[in-house]
Ligand code: FBP
């Protein structure tokens, strides 16, 4: 499995260099196509996808790859014992305005050739392309944080743990009148009364990363426009649910722990997502 993590690490370095050494207007320009989720695909989405697919396809222990930018799973080796899924470039609406984007990934161990749910994950993580490039990797034991320094990822914090309580909530309040579940508006009002502030970057990687480091509550609930939610289970929600569990936080689809949601038939299945510290999650759970 370390072989897979090493390759993901080097792919993220290539993507980081591409972002740092290219015209962000060009990278953020439309590729004149839509992905299976109906999103406008940006040039950088496709370039990042090609880098990861090319590098990961060389690994014999990988059975198949799943990507936000590919309609179907890409099968590699019948004898492979792992499936690797990734969002090659998360937050692509922020590329051309030079706001933090990222890559999200999860490594699933097949059991008798199948994946049951998010509990099949053996490692997950994300890379942040911001002021600095940082890589966060969670395995069964702990979560470590690395920073790209002189073209090498160096450990800057090991065994990350989320605070029990934060002071920031993150949710796109522009949707508050079309949320399907009344609890989200009640929670927002409850946290405002407790003098919480709010942040919404619009890149899941950035909003979730801040929530891990500062504590608090992040959510993208289903709504009248996105009745199943907007965030994809396989390569966005499951990976963060695994990471939040390892840092001592909570994840949910509004009903159950995201890791216990059955593996979807549609690999681009969307879901409501909650990622949170204990204090805010307890308030939400009792609404
Ligand atoms: P992609 O950029 O990978 O398609 O991800 C979707 C996303 O950008 C998330 O990163 C983010 O949390 C959400 O959509 C923002 O949605 P909205 O623009 O509706 O606030």
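Counting each DSSP H run of 4 or more residues in the chain as -39500 (n - 2.57), what helix-only mean residue ellipticity at 222 nm follows after dividing by all residues, to the nearest 500 deg cm²/dmol?
On the way: 7 runs with 76 residues, N = 287.
Helices in the chain give a 222 nm mean residue ellipticity of -8000 deg cm²/dmol.
Placing a pseudo-label 7 Å from each Cα along the Cα-to-Cβ vector at residue 224 and residue 10 gives an inter-label distance of 5.2 nm. Packing, taken as the mean count of other beta carbons within 10 Å per residue, orders the peptides 155-166, 225-236, 56-67 from highest to lowest as 225-236, 56-67, 155-166.
Pairing the Cα long axis of helix 204-214 with the longest principal axis of the chain, what angle in degrees results, from 0 to 90 and rounded to the nearest 10? Tilt relative to the chain: about 60 degrees. The mean sequence distance of close C-alpha pairs (under 8 Å, at least 6 residues apart), as a share of the length of segment 155-234, puts its relative contact order at 44 percent.
Distance from the alpha carbon centroid of segment 153-180 to that of segment 42-112 works out to 23 angstrom.
The residue 141 and residue 266 beta-carbon pair, evaluated with R₀ = 25 Å, returns a calculated FRET efficiency of approximately 0.20.
Taking max minus min of the alpha-carbon positions on each principal axis, the chain gives extents of 52, 46, 38 Å, largest first.
Once the piece of chain linking residue 72 and residue 158 is laid out straight, how much longer is it, given 0.36 nm per residue of separation minus the C-alpha distance between them? Before the final figure, lay out the partial values.
On the way: separation 86, 0.36 × 86 = 30.96 nm, distance 3.55 nm.
My answer for the length gained is 27.4 nm.
Could you sort the peptides 238-244, 214-220 by per-residue average Cβ neighbour count (10 Å cutoff), highest mean leading? Working shown, then result.
Details: 238-244: 28.9, 214-220: 24.0.
Averaged packing, sorted descending, gives the order 238-244, 214-220.
Here the calculated FRET efficiency for residue 151 and residue 197, from their Cβ-Cβ distance with R0 = 41 Å, stands at 0.70, rounded to the nearest 0.05.
Per the Kirkwood formula applied to alpha carbons, segment 54-180 shows a radius of gyration over Rh ratio, Rg over Rh, of 1.01. Reported value for segment 1-125: 99 Å³ per residue, from the convex hull of its C-alpha atoms. Going by alpha carbons, how many degrees (0 to 90, nearest 10) lie between the helix axis of 43-56 and the longest principal axis of the chain? Computed tilt is about 60 degrees.
Taking the longest Cα principal axis of the chain as reference, the axis of helix 183-193 is set at about 70 degrees.
Segment 191-218 and segment 220-248 have their alpha-carbon centroids 15 Å apart.
Here, each number is a calculation from the coordinates, and none is a lab measurement. Please read all numbers here as calculations on a predicted model, not as lab measurements. Note that each Cβ is placed from the backbone with ideal geometry, even for glycine, and that neighbours are counted across all protein chains shown.
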